[in-house]
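The block underneath contains the structure these notes are about, expressed in structure tokens.
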Amino acid sequence: MIRQLIPLIALASAAVGQAHAADLTISCGAVGAELQLCKEGVAAWEEKTGHSVDVISTPNSSTERLSLYQQILSANSGDIDVMQIDVVWPGLLANHLLDLSETLGEDVAEGHFPAIVENNTVDGRLVAMPWFTDAGVLYYREDLLEEYGHEPPETWQELTEIAQEIQAAEREAGNDGMWGYVFQGRAYEGLTTNALEWVASHDGGTIVDEDGQVTINNERAVAALDLAATWIDDITPEGVLNYTEEEARGLFQSGNAVFMRNWPYAWSLAQSEDSDVRDKVGVVKLPHGPEGKSAATLGGWNLAVSKYSENRELAADLVAFLTGKAEQKRRAIEGSYNPTLEALYEDEEVLTAVPFFGTLYDTFANAVARPSAVTGESYGRVSNAFFDTSHSVLSGDTSAADALAQLESQLRRLKRRWK
Ligand code: GLC
């Protein structure tokens, strides 16, 4: 971790170092077209207000981004005024962030999904404004499923079988690089979101329940992880053990996978002019296990203002602009980023650009939260333990039964911190 951090900090301070002339600095994600969209939004605000802003990019992995922010904030540094923060971080970072309802007014979050506003409210303080929401969805090759006579799978078992069949037939036909299923399997936050979907859709709970009880060591969770382990090197390349969102998208978008688990942002890129799978892709909810129902992990990003900013009010104004309706609509249409403003799910232009914002509305509205609210400041440790465990099961180093028994004791020891 430390080894990774040093270049990250050097990178951030180099970027910030050049930034002194600007009035503000914002850090944005750079997954897919994210950085470009952020820069365009910022440019519109600059144009409107006459102020200048530096945009710096952050690592793609949510886990690495968190380390970077924790370093910067724990040094009480105001180098970054506005920060893009993950939906699972408010409890971890609240002490370093401004209460935006004080600066922007009590009703600033009106019209946004109440669950996200509640998530971003820590001890009565609104520490971040909702920017976009996320939920895991299943991408599939419409053309291939049609050719081989299949409907999109309802269960993980069906997904496995269809993936095996099409992968084998396509390879037989000379398409050597074809794989059945890709997802996010690196040991990082993205694996937590994937593995939670496998477990929850087997009716195996959410690792830690709403009362803070550790529930992960159960037979359904074991079955879910055991099944996922069988995919590796069968329908999933071994390389997935090091995949984040973008590696999975790269393989799928070049036409080499039947199915992919990813977030909605991958849609507009898969549909772009230089995509090999343009007009060949469908999006449905994720499959479920024998006893459960489909589960999509709730993701998403928010904009927060650092308490150490020297330009707090201006920074808050930028946040209000970027999270406002016009920007959310533009980002939905151009980048298939899910709005957090409920009304935009009835906007015809948005629904034409991203039809599944309508058809999968229930998936977005009922997405399963990671246990970040209940574990608060310990969430980082809980998630790390869960993704490490899931990674060792996928790698074949240990059985799911043994791994989850061990994880349970590890989480029980941590539990003293949140109970
Ligand atoms: C997406 C989600 C975020 C999640 C991350 C994991 O960016 O929006 O909530 O933590 O993926 O890779």
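Relative contact order for the range 283-419: what percent, with Cα pairs under 8 Å and sequence separation of 6 or more?
Answer for the range 283-419 is 21 percent.
On the Cα set of the chain, report Rg and Dmax in Å, please.
Gyration radius and largest Cα-Cα distance of the chain: 21.1, 63 Å.
How do Ile56, Ile235 rank when sorted from fewest to most other Cβ atoms within 10 Å of their own Cβ?
Ile56, Ile235
Please list, in chain and number order, the residues 5+ apart from Ser399 or on another chain whose amide H is under 5 Å from its amide H, with Hs placed from the backbone.
none
Given +1 on the Cβ of Lys and Arg, -1 on the Cβ of Asp and Glu, and no further charges, what dipole in debye does the chain carry about its Cα centre, rounded to the nearest 20?
That gives a dipole near 1460 debye.
When the expected Rg is taken as 2.2 N^0.38 Å, what fraction or multiple of it is the alpha-carbon Rg of the range 32-166?
Rg over 2.2 N^0.38 Å, computed on Cα atoms: 1.44.
Rg and Dmax of the range 258-317, Cα atoms, in Å?
Looking at the range 258-317, its Cα Rg and Dmax stand at 18.9, 54 Å.
Just for the range 16-131, what percent of DSSP beta bridges are antiparallel, to the closest 5?
Percentage antiparallel, nearest 5: 20.
Charges at C-beta only: +1 for Lys and Arg, -1 for Asp and Glu. How large is the resulting dipole of the range 106-192 about its Cα centre, in Debye rounded to 20?
Taking the Cα centre of the range 106-192 as origin, the dipole is about 440 debye.
With both partners inside the chain, how many of the DSSP beta bridges are antiparallel, as a percent to the nearest 5?
65
Looking at this model, which pairs from Lys293/Lys325; Lys285/Lys415; Lys39/Lys280; Lys285/Lys329; Lys280/Lys325; Lys39/Lys329 are more than 27 angstrom apart at the alpha-carbon?
Correct reply: Lys293/Lys325; Lys285/Lys415; Lys39/Lys280; Lys280/Lys325.
Mind listing the long-range amide H neighbours of His51? Cut-off is under 5 Å, sequence gap 5 or more, other chains count too, H placed in the peptide plane at 1.01 Å from N.
Those qualifying (amide H under 5 Å, at least 5 residues apart or on another chain) number zero.
For His288, enumerate residues with amide H under 5 Å from its amide H, sequence gap 5+ or separate chain, H modeled in the peptide plane.
Placed amide hydrogens put Thr155, Trp156 under 5 Å from His288.
So for Ser399, Ser390, fewest C-beta neighbours within 10 Å to most, what's the order?
Ser399, Ser390
If we count other beta carbons within 10 Å of each Cβ, what is the order of Lys307, Lys325, Lys419, fewest first?
Arranged by neighbour count, lowest to highest, Lys307, Lys325, Lys419 become Lys419, Lys325, Lys307.
Over the chain, what is the relative contact order in whole percent, taking alpha-carbon pairs under 8 Å and six or more residues apart?
It rounds to 24 percent for the chain.
So what J values fall out for the range 254-264 if you push phi through Karplus, 6.51 cos²θ - 1.76 cosθ + 1.60 with θ = phi - 60°, rounded to Hz, Gly and Pro as x?
In residue order, the calculated couplings are 8, x, 10, 8, 7, 10, 9, 9, 7, 8, x Hz.
Calculate how many DSSP beta bridges within the range 133-271 are antiparallel, expressed in % of all such bridges and rounded to the nearest 5.
Expressed as a percentage, antiparallel bridges in the range 133-271 total about 55.
Nothing charged except the Cβ atoms of Lys and Arg (+1) and of Asp and Glu (-1): what's the magnitude of the dipole of the range 317-419 about its Cα centre? Round to the nearest 20 debye.
Around 800 debye, computed over the range 317-419.
Shape of the range 262-419 from its Cα gyration tensor (a ≥ b ≥ c, root eigenvalues): rounded if a/c is under 1.5, otherwise prolate when a/b > b/c, or oblate?
Taking the square roots of the gyration eigenvalues as a ≥ b ≥ c, the range 262-419 is oblate.
What's the long-distance tail for the range 331-401, i.e. % of Cα pairs beyond 13 Å?
73
Calculate, axis by axis, the spread of Cα positions in the range 213-309 along the three principal axes, and write the results as whole Å, longest axis first.
In descending order, the Cα extents are 49, 45, 25 Å.
Based solely on its DSSP helices, what 222 nm [θ] is calculated for the chain when runs of n ≥ 4 H residues each add -39,500 (n - 2.57) and the sum is averaged over all residues, nearest 500 deg cm²/dmol?
-13500 deg cm²/dmol
Give me a comma-separated list of calculated 3J(HN,Hα) values for the range 276-286, in order, Karplus coefficients 6.51, -1.76, 1.60 applied at θ = phi - 60°, integers in Hz, x for any Gly or Pro.
In residue order, the calculated couplings are 6, 10, 3, 6, 10, 10, x, 10, 9, 6, 5 Hz.
Using DSSP to call loops (not H, G, I, E or B), can you name the chymotrypsin sites (Phe, Trp or Tyr not before Pro) in the range 189-282 whose Cβ has at most 16 other Cβ atoms within 10 angstrom?
Listed in order of number, the matching sites amount to none.
Using alpha carbons only, how many angstrom separate the centre of the range 73-147 from the centre of the range 149-220?
Using only Cα atoms, the two centres lie 26 Å from each other.
Values quoted throughout were computed directly from the atomic coordinates according to the rules given, and no laboratory measurement underlies them. Because the structure is a prediction, the values reported are computed rather than measured. Every residue, glycine among them, receives a Cβ derived from its backbone with ideal geometry; neighbour counts consider all protein chains shown.
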